[in-house]
Amino acid sequence: MRPRPKRLQRLPQQYFVTLLGRVAAAAAEDGPPLVDLGRGNPEVGPPPHVAEALAESARRPGVHGYSPIRGLHATKEAFASRYHDVYGVELDPEREVALIPGTKTGIVELALCLADDGDTILLPDPYYPDYPSGPALAGARLETFELHAELGWAPDFDTVPRAAALYLNYPSNPCAVCAPAGVFADTVAWSARTGGAIVHDAAYIDLVYDGRAPQSFLATPGAKDAGVEMWSMSKTYGMAGWRIGFVAGNAEIVERINLLNDHSRVGIFEPMQRAAIAALTGPQDSVVERVAAYERRRDTLAAALGAPLVCEGTFFVWLQLPDGLTAEQLLVEHRVAVAPGEGFGPSGAGWARLSLAVSDDTIALGAERLAHAFASGVGSTDPRKAHV
Ligand SMILES: Cc1ncc(COP(=O)(O)O)c(C=O)c1O
């Protein structure tokens, strides 16, 4: 066989595949059971009425053929209603909403839709490790722009160069902050100035704490001229395995995603869409309970480490490790798996991402081991360094 096409050769190492392999290998070694805080995989699934909607629909004879190629109108309408009711954003279900099989797919497809060979795509640093894959497949040049801790993990747009597209993500994985005031408006202004398109990744939009309200980029004046928002069923409803999400906003970009869909994916299985509608339009108690659980675990971790931990949103904590302590040492010597910061971009070195999407017992045990690791005499043991 000939060598792999260049577009595949350009793909970076898949961070999460590598991490899962490393954690599995460590778990198989002798020692106490590993506490895995490395993965961002929702620990609780959707509420029962969602699975029931799937089953009920799947029992119908008419749903097993190809479903409408660009999705059921009812699904896009349910999504648009949510944007109106929860985020205060008006969306035209047919022109401004596209269905995708999860936002991970959207990350790649939007790069294909927005960049030609050699164009630049900008990623925030730190970034979600799956972002570089899209630009690589699109043949785009990848550049990063720094998120500044002292600005609440916002960019300084005066220093952000021109590009075909810019990805942004609040609540931020891994920084665990909500969008600092003014950032979305600055993002729209950057787009108007440069002509670059915005991809805002809102995968964690509803997982926000301490009474904060979920905030959509699309609520910013001019946002629909600037770009799109990706929205996922995975985190809000614990449906990561279901693979269903949306791209919403700029009608031309939505049309490009639909065009790609027409040629490569075809519609999403109707019972999945019926379940998504049930989740979007049914009782929302499960979201409230989910938020309360993550907030509680964040506080357990903070109490054990003796320092406030910044977690305004997502289900992660982004932690600067004490000098001399590495993620690998935490794994091998303390039996706690975390996601090493290096995979989140150049500025991630020395940091780690911890997941709260585990049971209360797992968090309690992980907190105990981390507190012990931080206090065990490696370099600086000031727990306040553990705060973002
Ligand atoms: C920031 C961010 N974006 C996108 C995704 C992908 O989510 P989905 O399940 O919708 O593909 C994740 C998943 O962890 C994520 O953390």
Next on the checklist: Can you tell me which of (1) at pLDDT 95 or above; (2) within 25 Å of the chain's Cα centre (by Cα) is the one Arg335 doesn't meet?
Outcome noted: (2)
Checklist entry - Could you say whether any residue in the stretch 256-266 is in a helix (DSSP H, G or I), touching a residue at least 24 places away in the same chain (Cβ under 8 Å) and among the basic types (Lys, Arg)? => result yes
Checklist entry - Does the stretch 285-296 contain at least one residue that is of a type outside the set (Val, Ile, Thr) and either in contact with a Pro (Cβ under 7 Å, 6 or more places away or on another chain) or at pLDDT below 95 (or both)? => result yes
Next on the checklist: Checking the conditions here, which among Arg298, Arg335 is in contact with a strand residue (DSSP E or B) (Cβ under 8 Å, 6 or more places away or on another chain), away from the ligand (no atom under 16 Å from the Cβ) and on the phi > 0 side of the Ramachandran plot?
Outcome noted: Arg335
Checklist entry - Among the residues of the stretch 254-296 satisfying the criterion of being buried (at least 19 other Cβ atoms within 10 Å of the Cβ) and β-branched (Val, Ile, Thr), which is farthest from Ser216 (Cα to Cα)? => result Ile268
Checklist entry - Of all the helices (runs of 4 or more DSSP H) wholly in the stretch 269-388, which have at least 3 residues that are small (Gly, Ala, Ser)? => result 270-281, 285-305, 360-375
Next on the checklist: Need the failing condition index for Ser191 against (1) in contact with a Cys (Cβ under 9 Å, 6 or more places away or on another chain); (2) modelled with pLDDT of 95 or more, just the number.
Outcome noted: (1)
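The values are calculated or read from the model by the stated rules, or taken from the named source; none is laboratory data. The structure presented is a predicted model; accordingly, all values stated were derived computationally and were not measured. Quick reminder, even Gly has a Cβ in these numbers, built from the backbone with ideal geometry, and neighbours come from all protein chains shown.
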